[in-house]
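For reference, the structure is listed below as structure tokens.
Read the figures in this text as sums done on the coordinates, not as results from a lab. Values in this document were obtained by computation on a predicted structure and should not be read as measured data. With ideal geometry, Cβ positions are generated from the backbone for all residues, glycine too; neighbour counts draw on all protein chains shown.
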Amino acid sequence: MCSLLALNSCLQDTIRPNILQDYNPKLVLNGTFSADSELFITARPSVSILDSTFPGGLNNVKITYTTSKDDRGSFIYDLFSEGYTSSLTLKPGDILRVRGEHPDFPTVFCEVRIPDAVPSSAILVPNGGIDTSGLEGDLISLTFTDKPGQKNYYRLQVLYWNGFAFIPILNPRTDPSLAEFNSLRLQDNSILFTDDLFDGKEKTTAIVATNGLTFGLPQNQDKYKIEFASVSSDYYEYFASLDRAVEAKEVTFQGGFNNAVVIHSNVNNGLGILATEWRSDFTLK
Amino acid sequence: MLKICLLAVGLLISLNSIAQRIATGKVVDQHENAVSNVRIQERGTANVTYSQGDGTYLLSYFDSEIPIIFSHEDFDTVVLKLNPQSTTTVFLSLKWNSNSYNLGFLAGFTDFTHKNTNKNLQNMPYFLGESDVNRQLQMLPGIEQGREGYSNLFVRGGEADQNLMLYNGTPIYNSNHIYGISSVFHHRSIKNTAVYKGVAPARYGGRASSYIDLSSEKNAKFSSFSGEFEMTPLNAGIYLSNIQKDKKYFTISARRSWIDLLLPTETRENSINTNIYDLQLNMGKTLKNKDKVDFSFMSTRDLYFIAFAGQDSNNIVTSQAGFKQKWSNILASVKYSSQLNTKTTVENTAYYSGYRASTAIEQQLFTLRAQGATSLPTQKEESVSGIRDIGLQSHFTYLFENKHQLSFGIQSATRLFQVGRREYSSVNYPSISDVFVLTGTPKYDATQEIALYAEDDFRVNDNTILNMGVRQVFFVNDKKVFVGFEPRIHGTFYLKNSDVFKLGYNRHNQYVSQLNLGTIGSPSNIWVPATKLILPQKMDILEAAYERKLGKFFAGTINGFYKRLQNLNLVNNLSDASDPSIDWQSSVTQGTGQVYGVELMLQRSSGYFNGWISYAYSKSTRNFQELFAQDFDFTYDRPHMLKIHANYTDENADWNFGFNIVVGSGQLFTLPIGKFRDINDEIQLEYNTLNNYRSPLYTRLDLSLVRLKPNFGLNQEWRFYLYNALGNRNPLNISVDFEGNSNFNALQINRAYLAYVPGIAYIVKF
């Protein structure tokens, strides 16, 4: 009876709060800048949550840059890749300021820094470890030295050659720094982690490839590849917020926006991420 | 070191007890209400003491032939000769045109027996007719209900788990019935509610927001046997009390939902069942040697069960699935109070508090039964969580001299946590082996909290009281020892015109937290200890208050406070936190918060028509770096709140009535404002900040109308209630859905609200 009384008095209506109706679209810039690589940015608009349409990429955004070495220039729209490119190459420690202008959106700007190079090396010990099945497997290890006195962020991807292409190996994350509590697994199976557990020290992390993973490949053929990168804090925080958003969506499906996630952005007046990384790849035979 | 300290204290106690004569007692007015701050002086000497907040006094004096003067500016002076080692109750008469309101006490303190007296809260409007202690507290400035219609308490921008709710000194870990719609404390079963909204004596500890001390009836002005029977749409309840004044007491309070009893037994067992109950039993006695023993027991339970039958295309029942949720509290305590010597009293308490919540899903298949099998193929999954608290406490009060009353003690709590245990079984399936899987923590994990505290209630002069206390806490969990030092400092400064200024600073540490898994008050929320990774919550509060009597009937208070909160917990992954197989610590992020505010309250404490008007301005923000780089408003932040409670109470009248008016800032919700593509080209929702949408002005009028009608020698009452009588659209919940469940489509926002909620209660008193 109590429930009936309460339910009878529980009414519902539909509202359109002003904060949603007064929405101002923003410019969304996304891109990852690697040292010694060409730069690439995509530009799209954001739309109101009340909007049923979703426009595609923008091709008339004026994107300019200046660097800490006073280089200036513009990004050029590339029809094929539907993004903006620049032939500028950056070195570790370089600072890049990017500005995006479009008549329909507030002007956005962003300042990024290419992370410092990290002394690192990798080795392969054939049948040097025991895989998850208890059989001998190739031991692939990476050693690098963390820069002390600052928080550093890293990305690690280990791949094997299947005769046609490098395929990611699912990292078992047995290393404490790579464990689920302390790191993130990205869509491409690479792991994002921090130096919280080895600040300023030399760090070695290793995985054992499943027995027979590269069976049949010639002796001197490339077998494994380690993609190792030192990434910016914005890079880490962006992907951390995306990871939480994925989890929140699962919960949302069960009932409500209890777990709203603000996606990290370093694009002032806009949205998106201009991430930076210093990257070093090791191919192991 | 500890032994030396104890020895020194013991020596001090014995030496002082030999030196002087002691008189103890209580100062009350003509209605036997306690009178605080009465000046008690040995005539012609500078030997002075003052009555405490509960009216008690303890005077150390030199000559039993010299009269003792009891004086207070609002009461007629009384001169008495006291017998040594005697206990005397002194009655004072209120002067004509004087105000009996008790100034003093700690800043932010409220209770309805000693300080905020004669409020007749039985005539307050109550939600659905359930006269709930929490609903009374929600009408005080600085205490909010959180979600509309719920019985939760958020004190000065703090979290719900930061309130320590004590029932006769024993902590209770879930004080909710029906997922938070009603509390387990019926108004009639509680004699006094005392709330410390921040600054608290050193004997209270372990929570970062407030201490809510609920006491059952233990004594009365007259010896009597009385009772009350109550019937509401939700419950039938009975309250009985047998009190022999100053000698012994026995009270029992029991409520149970009754609507389920109208259903056939078969329906309750196989289809649907929902019932709740709570039972409180208290007894105590004053022994021949004046020692006192008190025993308290409490049990509560909520049970909800629903089953569904599965049918095939021919409408033949093929399976049955049932869902059962249950949660319960059991509290028990025994307290032994004794007078060690003329200057020293001690209260020794042992208590147990256990809370357990379980959710079970069971499915039976009727069509898959193996040939010859007698049992049906069955799958069952049950999740259990709980907490058990076993406490031992000793609290000493010691009159060092008339200007110094010391209190000190030790509190030990062995706290056992079962964060989550899930049992899955699959049995009697043909051709498949039975499966039993256990995940999570199979047993309770133990932690230990020990607190040592001491406090000096120092009367500096006629106008100044300093409460100087310290509390040292040691908390051990998994070999990690946390040490927390908590200063508790408070000054009370009586000014000239019946007014008082107070200033206090406190620190509180909290070593146990409740993870909010989606809904405050939900039984699924789990209690967890502080760990190496999830550090104890910490709160610092600075508070100033000004209090003044206004004319004969009114009193006004202004409180200003600033709170800093550290190591606050927030669940950032609800699904993982609910999964016992995953370490809960990985789903929790810690952050900081700050709250500041001003609370004004004008109250009338005498006459037929009384109540209060309050206004609170406060700002409560949070910062969780992992969620959002900047500060954002706390979910239950309500900057402006105006609350009015008034009632007309005349036991000789045919009709009594009461009303509540609440006007203030709307509740915060988080709405996505836009959408965009991320670096992986997937659609993400844009939030400019968390808690970005404040619903329109909150306005609510609640009414109560009470018909008093003696019949057949019994006092009968019909109570009629109406919640949100003006039908204002204060959101209970905001739900958002994309049309067609596609992120590409527009968002639709639905608002649910409660309006014109009726309530009724029938009461017979005897």
Whole-number Å³ per residue for the convex hull built on Cα positions in the protein assembly as shown: 231 Å³
Nearest-ten-degree value, helix B:2-19 long axis tilted from longest Cα axis of chain B: 30 degrees
DSSP-loop chymotrypsin sites (Phe, Trp or Tyr not before Pro) across the range B:184-265, with at most 12 other Cβ within 10 angstrom: B:PHE222
Dipole magnitude (debye, nearest 20) for the protein assembly as shown, charges at Cβ of Lys, Arg, Asp, Glu: 3640 debye
DSSP-assigned coil residues among chymotrypsin sites (Phe, Trp or Tyr not before Pro) in the range A:1-106, each with at most 14 further Cβ atoms within 10 Å: A:PHE80
Whole-angstrom gap from the range B:302-354 to the range B:517-590, using each part's C-alpha centre: 24 Å
The range B:448-512 versus the range A:8-47: alpha-carbon centroid distance in Å: 49 Å
Nearest-20 debye value, the range B:109-765 charge dipole, Cβ charges on Lys, Arg, Asp, Glu: 2240 debye
Residue mean of other protein chain beta carbons inside 10 Å, B:731-737: 4
Highest average packing first - A:233-244, B:612-623, Cβ atoms within 10 Å: A:233-244, B:612-623
For the protein assembly as shown, with +1 on Lys and Arg beta carbons and -1 on Asp and Glu, the positive-most of B:PHE417, A:PRO172, B:PHE458 along the dipole: B:PHE458
Prolate/oblate/rounded call for the range B:18-91, Cα gyration tensor, a/c under 1.5 rounded: prolate
Angle in degrees between helix A:233-255 and the longest Cα principal axis of chain A, rounded to the nearest 10: 60 degrees
For A:LEU142, B:LEU535, A:LEU274, order by how many other beta-carbon atoms lie within 10 Å, fewest first: B:LEU535, A:LEU142, A:LEU274
Alpha-carbon Rg with Dmax, taken over the range B:133-209, Å: 11.9, 34
Cleavage-rule hits (chymotrypsin sites (Phe, Trp or Tyr not before Pro)) in the range A:161-213: DSSP loop, at most 15 neighbouring Cβ within 10 angstrom: A:PHE164, A:PHE181
Tensor-based shape of chain A (alpha-carbon gyration tensor, a/c under 1.5 rounded, otherwise prolate or oblate): oblate
The range A:156-192 versus the range A:57-101: alpha-carbon centroid distance in Å: 30 Å
Net charge over other residues, Cβ less than 11 angstrom from the Cβ of B:LYS552 (K, R count +1; D, E count -1): +2
Helical mean residue ellipticity (222 nm; -39500 (n - 2.57) per DSSP H run of 4+; nearest 500) of the protein assembly as shown: -2000 deg cm²/dmol
Cα-based shape type of chain B, given that a ≥ b ≥ c are square roots of the gyration tensor eigenvalues and the cut on a/c is 1.5: prolate
Net charge, B:SER183 excluded, C-beta distance under 10 Å - Lys, Arg +1, Asp, Glu -1: -2
Around B:VAL481: net Lys/Arg minus Asp/Glu count, Cβ-Cβ under 12 Å: +1
Test item: A:42-48 mean partner chain Cβ contacts at 10 Å: 4
10 Å Cβ neighbours from other chains, averaged over peptide B:749-758: 5
Separation of the A:PHE181 and B:ASP434 label points, Cα + 7 Å toward Cβ, nm: 3.6 nm
Computed magnitude of the charge dipole of the range B:25-152 (debye, nearest 20; Cβ of K, R +1, Cβ of D, E -1): 80 debye
